[in-house]
Structure formats: structure tokens, C-alpha cells
Amino acid sequence: MSDFDVIVVGAGNAALAAANSAREQGAERVLVLEKAPEKDRGGNTHYSGGLLRIAYGDGEKLRPLVPDAEDALPGFFADVPTYTEDEMMADLMRVTAGKTDQTLAKILISKSYETIRWMHEYGGIPMEPAVSLSAIRVGNQVKWQKGAIVRALHEGVGLSNSWFAKSQANGIAIRYGVGAAELLQDEDGAVVGVLANTGETLEEITAPAVVLGCGGFEANAQMRAQYLGAPWDHAKVRGSAYNQGDGLRMALDIGALPWGQWSGRHSTPISNEWPDFADRERTDRSNRLSYPYSVMINREGRRFLDEGEDVGMYTYAKYGGRILQETGALAWQIFDQQTVHLLEPRYNTSEPITANSLAELVDQLELDDHAQALRTLEAYNAAVPAPGSNDGFDPTQKDGLRSSGLQPEKSNWATRLDQPPFVAYSATGGITFTFGALKIDEDARVIGTDWRPIRGLFACGEMVGGLFHINYPGGTGLVSGAVFGKIAGASAARGATGRAAG
Ligand SMILES: Cc1cc2nc3c(=O)[nH]c(=O)nc-3n(C[C@H](O)[C@H](O)[C@H](O)COP(=O)(O)OP(=O)(O)OC[C@H]3O[C@@H](n4cnc5c(N)ncnc54)[C@H](O)[C@@H]3O)c2cc1C
């Protein structure tokens, strides 16, 4: 007899969704292996903003998730814009240049709402409106971006703690500081367990179903260099130091099919002052995402991207990579008093550089060419609408207030930098997670290079390849983790209890 019915590798959102789903679907003996010690548990999920992008349709459908929302936000359910499955698909298609895996995308989107209800109702995960991430206050009004409206209460920390509490209540065994090192197969090739590294011994642990939910290779400099190329080996890591690509390596070793964009990654503009690995207390407060209202320059003192290409939610996951490619992986975001009040609260974790003139400001910045920086800002000011014609400025949506004659142009929110004091924040590119992963089918079974399911092996979360290419719509990672985690857990339980072939 096997040691367990289901072994789940990892203890982030996807893995714990899988473990609890397996219990719900009848698996009696579920084991979670967490490579990190208990104090560092929870993977990237712990560090996340807890934001959840779901196709809820009408704002009223959010009431079961955040029943008290109107206490602090009168009119919330009516104010929230509708977000349909078609709109979510259009967003995913647009930001991935049409390359998202259609089969997986349809599952993700059609199950996004019901799965987040399940997380809330079965998983016991409290939620709240994501005001600081998805809303902009204009006077007394709160304007919401579409789709990513709700987040876990207390963000990723709350989400992770709630999943651990549910796992404990569900009688799921968790072993901390024990990483899966290899997959065990029987003589017919079915996965029947893992070889686990306890730090002292290598232990064989058996089960008829193994779910891999142990993240991507974002924390592994060698794999980043190998698959993403330079300068990704130098990127600061925004999340867990334990996502070293172990699960991918183990699965590829037994013939799993690599899937999705192996040179792709989620990477955001973060403070250049942050350490090489994220700090567990400040979680995701390194982000510097109010750049659409800024002018961004590199060390050579030049602009290098369109800060206003789209609302931040649809550019932030690729602009980290763009900054990383610049000299010294450094950029400066420059604001004036017209826009500085729009900065999201996470900027409070840095002390900005300020000055009463642009010349004094650039003199204080770490730059290779201060004179060029001043020329760039002056050229920018000359190429954007004159003072008084900024009336169309609307921070809540693409406002069409654009520059004219610059290379690159700023397509929206192109206000003049003319209201001192001027303020500058540093930015670099921080890596969040990697896109290249494994091919799974509709039941979250891992597919082999012979295009057949590998019996007994399932995957979820960052280990699912194909959904994200080039870019990513904010708030989709956790929902993908929950959707495919729930499916993987249920499939694993079916396999373990003999109700269907695993
Ligand atoms: C700073 C930051 C902010 C983010 N904000 C958001 C957000 O607001 N909304 C959103 O949707 N997404 C967000 N994301 C992305 C999101 O966090 C991830 O997509 C999601 O958490 C991935 O979940 P997962 O369960 O696949 O992986 P993880 O949560 O990373 O879990 C992986 C687990 O596997 C364990 N592990 C690794 N190797 C082994 C091994 N060999 N054996 C056993 N265990 C192992 C790790 O210790 C960890 O417990 C953010 C990410 C970061 C870093």
C-alpha cells in the first residue's frame, strides 16, 4: 500500500488549492511537501498582492465575495464596470499577442469566477476590494479598472495563511524543509511517488498520484541565464528564493513535454534599492508601477519606452524586462506636483530625490550623462500639450493626451513636467515568475513528449505552460493557480481512489 493517496509538491496557492481539492474529492491521506522551512513557507503566493482577475460579468456578482464592500465604498457594486468572459479572453489574447494556449485559456476564464467563489466559500479565504491596486480616486469618486477588482484580505500573506489554516482543518499533512528531488516511477512508467530530501536523508515517499505545484525557475540564476539569456541572471527576485525550477527539472527528466514561452517571464519595474531576493516583511512593496504618469529615463539620460502605452495593469509585467535591458539595469521615474499625488502607496517604501528645478533634479541622479537627461526632459516638455491644454488629463483611463515628435512618443498622460518640486524614484527590473513550463491537459495531467499523459502526474500554478507569453494581465497568476490547482487535486483524488485512470 502507498504511503499516501496524493502527494502535493509545493505549498503556494496552486499546491494548497490542489491539496484541499483532493481532500474535498475524497482523497483521505494527502501530504504536502514544502521545501522551505516553515518560517519561509508559501512561495511567491506569500509575496503577492493577492489580486484576483475574474470574469464576474456584472458588479453584483462580486457581492458574495465582498459582502461588506459598500460599508467603505458606497455604490461599489453599481460602480464596478462589467467584465465578461469575452472581455477577459480579449485582454489575455491582446497582451500575449494571440499566443495563449486556447484550451487552457478557455478553462481559466470560464472557471475563474466559480473557482474564486470556491476559494472563498470552501477555502475560507476572506476577500476585499483591491482599492490601492485597481482603483483611482478622482475627487469623491472611485474609478475601477476592469476585471481585477477583488483581492485576498491582507494580500498574499492573508491568502497564504488562510490556505494553511484550511489545510490544517482538512487534516492535510505538511512537511516543511522537505523538498522533492526526483519522481519515482513504476516499471510501467507511472509516477508512484517522490524521492524527498529532508536535509538529512533521501526518503522514498509513495502515492498513486503526485501533483507538482512547486513554481517556476525564477530564483535560479543558472536557469535564467540558460532560458532567458543575459542580463536575466542579474535580475532581482521579487518573490520566493525556493522556486529553483526543481519540479520542471524532475518532470522533464522523466519525459514531460515543455510548453509555452521558455524565454518568457513576468518582470516588473521595482525599486533599484531593493535587495537581490525579496524581503518577506515588505513582500511586493518594491513595485514602482505609477510610471504611466512619469517620464522615465535611463542612465544615458534618454527615454527608452512609451510610459503611456496602456494602463499600467497591461504593461507592468513587460516593462520590468525593458528596464533590465538598459545600461546598469537602471531607470529613473520623474514626476511633478501635477501627478505625484497619483503614486500608489508602495512608493512610500523609498525616499525620493526631489528638487525645485529639473536641472537640480537630474544633477542628483545616478546618470552617465546629466546634460543629456536635462535635454531629454526639456524636449519632452516641448513636445507635449501646452499648459492649459492639459484639461483632457484623465488618470483613470487612456486619455489620448500624447506627445508629438518624440522617439518614442508618450501615448497617454503626457502632461508637462512644470510644477515643482520635481520628484524622482529609481527603478530596475525584478523577476516575478517564468512562463515556460509543462504541457497539461484539461484534467491537469502532465503530458509527455509522446503526447500521452504521464500516468499519476499532475501540475498546476507556475508549472503550467502555455497561458502567458510576452506579457500578462495583472491578477491572473493566482486565479490560474487556483483553477488548475483545484482541477489537479480533483483529478489526483480520482486517480488515487480508482475512480478514473490518473
Ligand atoms: C511580489 C509578487 C507579487 C505578485 N502579485 C500578484 C497578484 O497580486 N496577483 C496575482 O495573480 N499574482 C501575483 N503574483 C504572481 C503569483 O504570486 C504567482 O503566480 C503565484 O503565487 C504562483 O503560485 P504557485 O502556487 O504556482 O507558486 P508559489 O506560490 O511560488 O509556490 C511554490 C511552492 O513550491 C515550493 N517548492 C519549490 N521547490 C520545491 C521542491 N523541490 N519540493 C517541495 N516544494 C518546493 C516553494 O517553496 C513554494 O511553497 C505576484 C508574485 C510576486 C512575486
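Quick note: the coordinates plus some simple rules give every number you see, no bench work behind them. Since this is a predicted model, take the numbers as computed values, not measurements. Every residue, glycine as well, gets a Cβ built from its backbone with ideal geometry; the counts of neighbours run over all protein chains shown.
Report the one residue of 446, 343, 49 whose Cα lies farthest in the direction of the positive end of the charge dipole of the chain (charges on C-beta: Lys and Arg +1, Asp and Glu -1; origin at the Cα centre).
Going by the Cα projections, it comes out as 446.
Can you give the FRET efficiency for residue 93 and residue 58, using 1/(1 + (r/R0)^6), R0 = 35 Å, r = Cβ-Cβ distance, to the nearest 0.05?
My answer for the efficiency is 0.95.
For the stretch 399-454, which chymotrypsin sites (Phe, Trp or Tyr not before Pro) pass both filters: DSSP loop (anything but H, G, I, E, B) and at most 14 other C-beta atoms within 10 Å? Please report the intermediate quantities before stating the final value.
On the way: sites: 413, 422, 425, 433, 435, 451; in loops: 413, 435, 451.
Taking the stretch 399-454 and a limit of 14 other Cβ atoms within 10 Å, the loop chymotrypsin sites (Phe, Trp or Tyr not before Pro) found are 451.
The stretch 45-130: which chymotrypsin sites (Phe, Trp or Tyr not before Pro) are DSSP loop and have at most 12 other beta-carbon atoms within 10 angstrom?
Here no chymotrypsin sites (Phe, Trp or Tyr not before Pro) fit, given the DSSP loop and packing criteria.
In percent, how large is the relative contact order of the stretch 268-430, given Cα pairs closer than 8 Å and 6 or more residues apart?
Relative contact order here is 36 percent.
Between residue 233 and residue 348, what length comes free when the chain is fully extended (0.36 nm per residue of separation minus the Cα-Cα distance, one decimal in nm)?
Using 0.36 nm per residue and subtracting the Cα-Cα distance, I get 38.6 nm.
Going by amide H atoms built from the backbone, whose H comes under 5 Å of the H on residue 330, apart from near neighbours?
For residue 330, the qualifying residues are 299.
Give me the number: length gained by fully extending residue 302 to residue 72, i.e. 0.36 nm times residue separation minus the C-alpha to C-alpha distance, one decimal in nm.
Numbers: separation 230, 0.36 × 230 = 82.80 nm, distance 4.29 nm.
Length difference between fully extended and current span is 78.5 nm.
Taking K and R as +1 and D and E as -1, what net charge do the other residues with C-beta under 9 Å from the C-beta of residue 284 add up to?
Local net charge: +3.
Residue separation times 0.36 nm, minus the C-alpha to C-alpha distance between residue 282 and residue 357: what's the value?
My answer for the length gained is 23.8 nm.
If you take the beta carbon distance between residue 103 and residue 263 as r and set R0 to 22 Å, what does 1/(1 + (r/R0)^6) give as a FRET efficiency, to the nearest 0.05?
Using R0 = 22 Å, I get an efficiency of 0.50.
Using a simple spin-label model with points 7 Å from Cα along the Cα→Cβ vector, what separation in nm is obtained for residue 187 and residue 114?
4.2
Would you mind computing, in nm to one decimal, how far apart the modelled labels at residue 325 and residue 254 are, each placed 7 Å from Cα along Cα→Cβ?
Going by the 7 Å Cα→Cβ label model, 3.9 nm.
To one decimal place, what Kirkwood hydrodynamic radius in Å is obtained for the stretch 222-351 from all pairs of distinct Cα atoms? Working shown, then result.
Values: mean 1/r = 0.0614 Å⁻¹.
When all Cα pairs of the stretch 222-351 are included, the Kirkwood radius is 16.3 Å.
For the stretch 168-251, which GluC sites (Glu not before Pro) are both in a DSSP coil and crowded by at most 16 other Cβ atoms within 10 Å?
187, 200
Compute the signed sum of charges (Lys and Arg +1, Asp and Glu -1) over the other residues within less than 12 Å, Cβ to Cβ, of residue 103.
Values: positive: 106, 439; negative: 101, 441, 442, 443.
Net of charged neighbours comes to -2.
Which residues among the stretch 12-44 fall inside the zone where the amide N is under 15 Å from a point 7 Å beyond the Cα of residue 241, along Cα→Cβ?
Backbone N within reach: 35-44.
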